[in-house]
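Just below is one structure, and these are the notes that go with it.
Just so you know, all these numbers are worked out from the coordinates, no wet-lab data involved. Source: prediction; values computed, not measured. Cβ placement follows ideal geometry from the backbone for every residue including glycine, while neighbour counts extend to all protein chains displayed.
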């Protein structure tokens, strides 16, 4: 009750001061100040009294004040008794009254400030303690009710605004229930999902019914279900299996699904597709947003995240490296080189940017140099390597796909890989057909490890010469990295890659010693300074030979004659010269088992002069080759050179005419010629190819007509004459092609009529043409009731090259 005491004492002191002023006139000025001081502090003392009573403060804090007030009462009483003639006492009491006034003022000016500072500190401590308790309570609440709340997106993002708008348009449509966001690891899938959940329009629609669940490689559905129940303040018994977990989750979603509900499943793997499908329910405004490194197609076209463009990549890198601060003076060209080497990957840009933040300019220059020389970007970043390695490790579950992935490292970096090259390899190595081999490429694309580029004007006739595989830079580097870290000796590896610069051969390979290798696949890359001084290699087990060259001339290695098991040869010129000249072509005569040969951007000398005989060759593909001399002055018929040829592909070559002897290759089933603009005619006896099932002569601008003998091709199922702009007539007896199923006849602008016999093509199912040609086919549909006429959307650009 100390506060009550001080309040009473102050009232009494003030009363006595006011009374003393009337009697002790000689002290009036000092008593006026004292009264004013007491009047000022009294309201404050009353508030302090209330606060201290509530806070249960000790009277020790105002003990000095109580003593001063009691002393003041006695002093004022004495002063009031001093008579005017007792002037000798005035100085003594005057000084004591001033001291009292100063003491009271000092208490509030100094003592109370000290106490206030102490109280503030105590308050801060108590606030902090309360805050900690609140955090603990919030943590408990999150554990029980917020386990499935959507995480906040990063404060700084780039390149996602357009994706966010597109997602909102698609997912908020009534007829869309599931959308998959896909992209390679680190492309920003989860970040985009977080931004979607935090968007004002999305939150306005779904409110508190937004649930964010981490799925990962092996989702534990029982745990996920329990978390969702706890998040919604409900309890549930632990599911005994996945089926029971799905049933419980469906029950929960039905209960809360009366309001719009968004379920985000983050990092879904391909094997979990059926689980996602099980969660789809016919509820109004129930949406599922999936993020996955796999391009899951089950729920419609996935929303794909591609690498960042140059401007966005630069913004993200500068932010990660804190280059916005003036203290870092790194030359722009060095920054640009590093950003270019990051391949537009947000994950890489962030990782490399953070690793260089605040570093010396010498380290920046060093990193730029490493990247410009093609050094793997993750070579000096273990976290980045570990992240990518996870995508490789999961392939162990499907060793077939893992082996196909490693084959990407057989080809130079930053180059499109012809899908036909991979198909040729895999068909012969693994004993599968073309379709299944191509399926493996699509599986790699589903895992976002590669992109597949297709010429849009290419026909769908089962020929993959129009398909190109573009490995994602990081994954091709990872494939090469896996090869480099192999602990197997070179001589025993099943897949051997040799990258020869100038004439610097590997240390283990010298001229003095014969080297036996066990490789089934041998890939050799050379630069333009290589002199073709081959060493003595014994590749007796090699079944696939990949030669990547960059010079103007190339001598086929002498050791090729020892490749008795060779089945596939792929020779590609990646240099600036449009067609590298091949020498030693006669060595092909030793390849008695070779079945598939693909040559790209090479000059092919006269096969007759070289006396090249490929008795067991089944497929020959020539792409952008100079073939002027190849079939000239043939003393040996082409049918004798390649008597068992089944498939011939000639694309973008300077072919003027097909050799007549080609018509004597009776096993030939597929003949594909595209973009050979100097070709003006086909051999008259082409009708002798009685086993031909596919004939493609597309984008051959000088071709004016088809020989009438084409009508003899009774087994022909696919005919493609698209973009033959000079073609002015079809054979009159074309109706005799009774096995024809598909006809591609787009942009044949000079064809103004169809032969009357066309109505006899009762097996014809698909015609792909332009709008003008489609009108010519309309009358035929009354007779050919199963015919489907499609209008093609043309794209004849060369961006795919």
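So if R0 is 60 Å, what FRET efficiency would residue 705 and residue 165 give, r being the distance between their Cβ atoms, rounded to the nearest 0.05?
In this case the efficiency is close to 0.70.
Return the distance in nm (one decimal) between the two label points of a simple spin-label model at residue 749 and residue 244, each offset 7 Å from Cα along Cα→Cβ.
Roughly 7.1 nm, to one decimal.
Starting from the alpha-carbon convex hull of the range 573-625, give the projected area averaged over all orientations, in nm². Don't skip to the answer; put the middle values down first.
Numbers: hull surface 14.5 nm².
Average of the hull's projected areas for the range 573-625 equals 3.6 nm².
How big is the Rg/Rh ratio for the range 240-362, C-alpha atoms only, Rh by Kirkwood, two decimals? Before the final figure, lay out the partial values.
Details: Rg = 21.7 Å, Rh = 18.0 Å.
Using only Cα positions, Rg/Rh for the range 240-362 is 1.21.
Just rank 502, 203, fewest to most, by other beta-carbon atoms within 10 angstrom. Please list the in-between numbers first.
Values: 502 11, 203 15.
Placing the least packed residue first, the sequence is 502, 203.
Given R₀ = 22 Å, FRET efficiency for residue 590-residue 491 by Cβ-Cβ distance, to 0.05? Can you show the working numbers first?
Values: r = 22 Å, r/R0 = 1.02.
According to the calculation, E is roughly 0.45.
How do 178, 602, 400 rank when sorted from fewest to most other Cβ atoms within 10 Å of their own Cβ?
Numbers: 178 20, 602 25, 400 13.
Neighbour counts put them in this order, fewest first: 400, 178, 602.
Describe numerically, in nm with one decimal, the distance between label points set 7 Å from Cα along Cα→Cβ at residue 757 and at residue 402.
Here the modelled spin labels are 5.8 nm apart.
On full extension of the chain, what length is gained from residue 155 through residue 640, given 0.36 nm per residue of separation minus the C-alpha to C-alpha distance? Walk me through the intermediate numbers first.
Details: separation 485, 0.36 × 485 = 174.60 nm, distance 7.04 nm.
Answer, rounded to one decimal: 167.6 nm.
If you stretched the chain out fully between residue 482 and residue 255, how much longer would it get, using 0.36 nm times the residue separation minus the C-alpha to C-alpha distance?
Details: separation 227, 0.36 × 227 = 81.72 nm, distance 5.00 nm.
Gain on extension, residue 482 to residue 255, equals 76.7 nm.
For labels at residue 452 and residue 235 in the simple 7 Å Cα→Cβ model, what's the distance in nm?
Placing both labels 7 Å beyond Cα along the Cβ direction yields 5.3 nm.
Stick to Cα atoms and the Kirkwood definition of Rh, then tell me Rg/Rh for the range 310-375.
Numbers: Rg = 10.5 Å, Rh = 11.5 Å.
Result for the range 310-375 is an Rg/Rh of 0.91.
Would you give the gap between the C-alpha center of the range 630-701 and the C-alpha center of the range 299-365, rounded to a whole Å?
Between the Cα centres of the range 630-701 and the range 299-365 lies a distance of 51 Å.
Using bins 10 angstrom wide from zero, how does P(r) for the range 655-801 break down, in % of all Cα pairs?
12, 43, 35, 10, 0
If one computes P(r) from the Cα atoms of the range 592-693, what percent of pairs lie at distances over 18 Å? Please list the in-between numbers first.
Details: 2253 of 5151 pairs.
When every Cα pair of the range 592-693 is considered, 44 percent fall beyond 18 Å.
Just to verify a number: FRET efficiency for residue 678 and residue 270, C-beta to C-beta distance, R0 = 35 Å, to 0.05? It would help to have the intermediate numbers written out before the result.
Working: r = 47 Å, r/R0 = 1.34.
For residue 678 and residue 270, the calculated efficiency is 0.15.
Rank these for me by crowding, 749, 187, going from fewest to most other beta carbons within 10 Å.
Working: 749 14, 187 25.
Exposure proxy ranking, most exposed first: 749, 187.
On a full-extension model of 0.36 nm per residue, what is the gain between residue 173 and residue 389, subtracting their alpha-carbon distance, rounded to one decimal in nm? The partial results should precede the final answer.
Numbers: separation 216, 0.36 × 216 = 77.76 nm, distance 3.77 nm.
Once the chain is fully extended between residue 173 and residue 389, it gains 74.0 nm.
Over the range 161-304, calculate the relative contact order: mean separation of alpha carbon pairs under 8 Å at least 6 apart, over the residue count, as a percent. Could the numbers behind the result be given before it?
Working: 202 pairs, mean separation 55.1, N = 144.
This gives 38 percent for the range 161-304.
Kirkwood Rh over Cα pairs of the range 716-801 into Stokes-Einstein at 37 °C, 0.692 mPa s: D in µm²/s?
Calculated translational D: 247 µm²/s.
Which value, in Å to one decimal place, does the Kirkwood hydrodynamic radius take for the range 161-304 when every pair of different Cα atoms is included?
Working: mean 1/r = 0.0651 Å⁻¹.
Result for the range 161-304 stands at 15.4 Å.
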